[in-house]
Amino acid sequence: MGPIFRLSLHQLAKRRRLLLILLLATLPVALAAAISAFAGEGESYKADLINNLLDAMLIAAIMPIVTIALATRAFGDELEDRTLSYLVLKPVRRSLIVLPKLLSSIVICGPLLIASGAVATLFALDGSGQAVVAVGVALFAGVVAYAAIFTWAGLISTHALSFGLIYVFLWEGVLSTFLGGVRYLSVRGYTLAILHGMDEKSFEVLGQRVIEFPAGIVGAAAVTIVFFLLTVRRLRRMDVP
Amino acid sequence: MPEDIKCPKCGSKTVVKAAKRGPNAGRSFHVCTRYPECKGKVAIREQSGQSPTPQTTKTEPTIDVRGISKWFGSVVAVNDVSLQVYPGITGLLGPNGAGKTTLLRMIAGLTKPSEGEVSLLGKPPHDNFRLHRRVGFMSEHEAVYGFYTGREFVKLVARLHGLTPLASAVDRAIETIGLTDVQNRPLDTYSRGMRQRMRMAATLVHDPEVLLLDEPLNGTDPRQRIEFQDLMRRLASEGRTILISSHILEEVETLAERILLMVSGKLAAAGDFHTIRVKLDERPYRVRIVVGNPRSMASALVKMDAVDSVTVDPDGALVVLSRNVYALQRSVPRLAQEQKIRLLRMEPLDESLESVFSYIVER
C-alpha cells in the first residue's frame, strides 16, 4: 500500500492544485477574522454568522469542491495517460490499490479544510475548544465521505469533475437546503449533524436544519464504505485502458 | 541446496529451497522463499531422485485462447480467435488496427473478452491479481511516471511485486537493459528509446515466466534492437514464454520461432516463420517503371522469366507483375542499358504490410 500511497501523493500534490485549495481554505478564515474584528464583545449574531459561514461556505461549497478537485483525479490522471496498468497488473489486491488512492486525497485536502474550519471557529467563537473539535471531526467525516464518492466517480467517468460540481450544487446545495428528507442522503446533512451533535450549544442555530446525530455518523460511514466497495468492484470489472 | 524448479504457487524459478525449519524440514517438500508470503510447497521425489513435476509442461500451452471476441460498441476488434502459445518466442504480427493490442490486453487480463475464454498459465487472467506475479506485460503506450527517476520507477514495480531483497532485483533489471549510467535521471528527461528500455527493466524486474510485449521496439535504434533481440533469445532459452507483437515483419523475422498473423481482428495464419515467409515469397509484386520508351521496354520485359505480365498505365509508365522482384531489380537497369532506353524511375506499388497480409488472407 505504501508505494501506491506515495505515488498518489506525488500525482495529486501539484502546485496549482495546492494553491487553489489553499486559497479556498483561506476564505472562511478571512471572513471569520473580519466578523470577529467588527463585532463587539459577546455579540450574539457572531455565533449566527459563524454557523452560517461554516454551513453555507465551508461545508456546502468549499469542502466538496476541494475534494472533487482531488479525488476525481486519484484515478483520473492514470486513466488519461494510461499508466493504471502499472498498478493493476501487479500482484496487489484491488482494495489495496483503492485504499491508498482514497487516503492520498484525504491526506492532502483534509488537514487544510480542518485547519480552515478550526481557525475560523476559533476567531468567531472566541476560542471554544469543544466547538473546534466538533468542527474538526465533522469536516473530517465529510471529507472522507466525499473523497470516497468522487474517487469512485473519477473511475467511472472522464467527466467526473463536471458531474461532481452539478451534483454538489443541485443535491447538496439546493435540494438538501429546502427538502428535509434529502438531508438523510446528503454528505452535507451528515457533516452538519455531526457538528451539531458534538456541540449543540455553539451550533444551536443549525438545530432546525440538521438530522439526528447518530444518523449523521451512520450515514457518513455508510457512504464511505459503500463507495469504497463500489470503487473496488469497478476496478475489478473494468477494462483498464 | 536451491533447486532449478518452479514454485507452483508464485511461479518463481531457482528460489525454491529445502525447508530448514518446521514440520517439512528438508524431508519431503521444498518451500518457496522468494516472497515472504508465498511459501509454496513442491513435493520432492526422494527415492527416484527426479526433480518435482513443474506445473506447466511442454505439452500444455502457456497461453490458451479459445474463440475469443471483443467488440467496442459496433466495432469488432477481435473476432473469434483461437490460438495456443508455448514456451519460446512467438511473434504476433499484423498491420495497425488488426486487433493485436486488444488480443494481448485480453491475454494479460487488462480487458475481459466479450466472448470466449483465455487461459494464462492454466488460469483466467482477468481479475486474477496473484497471476501477475508470474507475468510481465509491456504495453505499447509509452506513458510513465515522469517525475520518478528510472531507478525509482523500477523500484516501485519491484515493491508492488513484493520482491526481496529489493535493491539487488532492481540493480539486476537495470543492468540487464544497460541503463545503469542514467538510472538516477528523471524519466521525463529520457529519450523515447531509453524510456522503452527502462519500461522493459520494470517488466523484467520480477523475473516473469511469461512476457507479453506490445510493440516493444518502438522508438529504439538499430543497436538497441540487436541488444533487445539478444536479450529475448536469452530469456527464451531459459524456458520463458515470450509473445511479441509488431506490425513490422522484419522486426520479428529474425526473432520469433513461430508467428501468429492477425488481419482485421481475425487470426489469418499461424505457424513457423519459414512457412509464412514462403507464402510471402510466392506473392507477385507490382513494380512501376518509368522509362523514355515504354513500348520497347515492355517488349523486352515480357521476355524475362521474372516477369509475369506488363501493362502500360495512362501516364505511359509500365506496371510489371513479378514473383521474383529481386531478379527484376537487378535486371531492369541492365536491360535498359542494352536497349539504350533511359530509365527514369522504378518503385514498388504495394510494399505496405497491409497488402502483404491481405495476400496471405486471400490464400
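The values are calculated or read from the model by the stated rules, or taken from the named source; none is laboratory data. Since the model is a prediction, treat every value here as computed from it, not as a measurement. So basically every Cβ, Gly included, is an ideal-geometry build from the backbone, and we count neighbours across all protein chains shown.
Quick notes on this one:
- Across the range B:238-253, the qualifying residues are those that are outside any strand (DSSP E or B) and among the hydrophobic types (A, V, I, L, M, F, W, C), and the one among them that is nearest to the chain's Cα centre (by Cα) is B:VAL252.
- Per-region count, the range B:108-125, residues in a strand (DSSP E or B), closer than 24 Å to A:ARG82 by Cα and either of a type in the set (Ser, Thr, Tyr) or in contact with a Ser or Thr (Cβ under 8 Å, 6 or more places away or on another chain) (or both): 1
- None of B:GLY178, B:GLY136, B:GLY193 is outside any helix (DSSP H, G or I) and surrounded by fewer than 21 Cβ atoms within 10 Å (Cβ to Cβ) except B:GLY178.
- Selection of first residues in the range A:1-19 that are within 16 Å of A:PRO111 (Cβ to Cβ) and crowded, with 18+ Cβ neighbours inside 10 Å and of second residues that are charged (D, E, K, R) and modelled with pLDDT under 90, restricted to Cβ pairs under 9 Å at least 6 apart or on distinct chains, gives the following pairs, ordered by first then second residue: A:LEU12/A:ASP77.
- Per the listing A:ALA148, A:ALA118, the residue uniquely crowded, with 20+ Cβ neighbours inside 10 Å and of a type in the set (A, V, I, L, M, F, W, C) is A:ALA148.
- Which numbered condition A:GLY197 misses (of (1) surrounded by 15 or more Cβ atoms within 10 Å (Cβ to Cβ); (2) among the small types (Gly, Ala, Ser); (3) within 16 Å of the chain's Cα centre (by Cα)): (3)
- Test set (1) in contact with an Asp or Glu (Cβ under 9 Å, 6 or more places away or on another chain); (2) closer than 15 Å to B:PRO208 by Cβ; (3) not hydrophobic (A, V, I, L, M, F, W, C) - B:LYS112 fails condition number: (2)
- Flag if B:ARG151 is touching a Gly at 6+ places or on another chain (Cβ under 8 Å), buried (at least 16 other Cβ atoms within 10 Å of the Cβ) and more than 7 Å from chain A (Cβ to nearest Cβ): no
- Taken over the range B:70-106, residues that are within 14 Å of chain A (Cβ to nearest Cβ) and over 19 Å from B:GLY271 (Cβ atoms) amount to 12.
- Unmet requirement for B:ASN218, which otherwise passes all of (1) surrounded by fewer than 18 Cβ atoms within 10 Å (Cβ to Cβ); (2) at pLDDT 90 or above: (2)
- Screening B:PHE228 against (1) farther than 28 Å from B:VAL65 by Cβ; (2) not in a strand (DSSP E or B) leaves a single unmet condition, (1).
- Per this entry, B:LEU131 is counted among residues that are free of Cβ contacts under 8 Å to residues at least 60 places away in the same chain, within 14 Å of chain A (Cβ to nearest Cβ) and part of a helix (DSSP H, G or I).
- Given (1) under 23 Å from the mean Cα position of the chain (by Cα); (2) basic (Lys, Arg); (3) away from chain B (no Cβ under 14 Å), index of the condition A:LYS46 fails: (1)
- Pair list, Cβ < 6 Å and 6+ apart or interchain, from the range A:29-42 residues that are loosely packed, with under 13 Cβ neighbours inside 10 Å to residues that are modelled with pLDDT of 80 or more and among the aliphatic types (A, V, I, L, M): none
- Screening the candidates B:ALA173, B:ALA256, B:ALA201 for the property of being in contact with a strand residue (DSSP E or B) (Cβ under 8 Å, 6 or more places away or on another chain) and either part of a helix (DSSP H, G or I) or assigned by TED's automatic domain parsing to the domain that holds B:LYS70 (or both) yields one hit, B:ALA256.
- Flag for A:ILE149 being within 24 Å of A:ILE97 (Cβ to Cβ) and under 14 Å from the mean Cα position of the chain (by Cα): yes
- Criterion applied to A:LEU53, A:LEU84, A:LEU7, A:LEU24 was being more than 14 Å from every other protein chain (Cβ to nearest Cβ) and at pLDDT 90 or above, and the one residue passing it is A:LEU24.
- Pair list, Cβ under 6 Å, 6 or more apart: the range A:119-140 residue under 13 Å from A:GLY197 (Cα atoms), other residue at pLDDT below 85 and polar (S, T, N, Q): A:ALA131/A:SER202
- Taking the listed residues B:VAL302, B:VAL310, B:VAL290, B:VAL252, the one that is without any contact (Cβ under 8 Å) to a residue 40 or more places away in the chain and surrounded by 15 or more Cβ atoms within 10 Å (Cβ to Cβ) is B:VAL310, with no other qualifying.
- Test: residue in the range B:135-146 that is within 17 Å of B:THR241 (Cβ to Cβ) and more than 10 Å from chain A (Cβ to nearest Cβ): no
- Residue tally, condition more than 20 Å from B:ALA143 (Cβ to Cβ) and touching a Leu at 6+ places or on another chain (Cβ under 8 Å), over the range B:194-227: 4
- Boolean, A:VAL143 is surrounded by fewer than 24 Cβ atoms within 10 Å (Cβ to Cβ) and either in a helix (DSSP H, G or I) or at pLDDT 90 or above (or both): no
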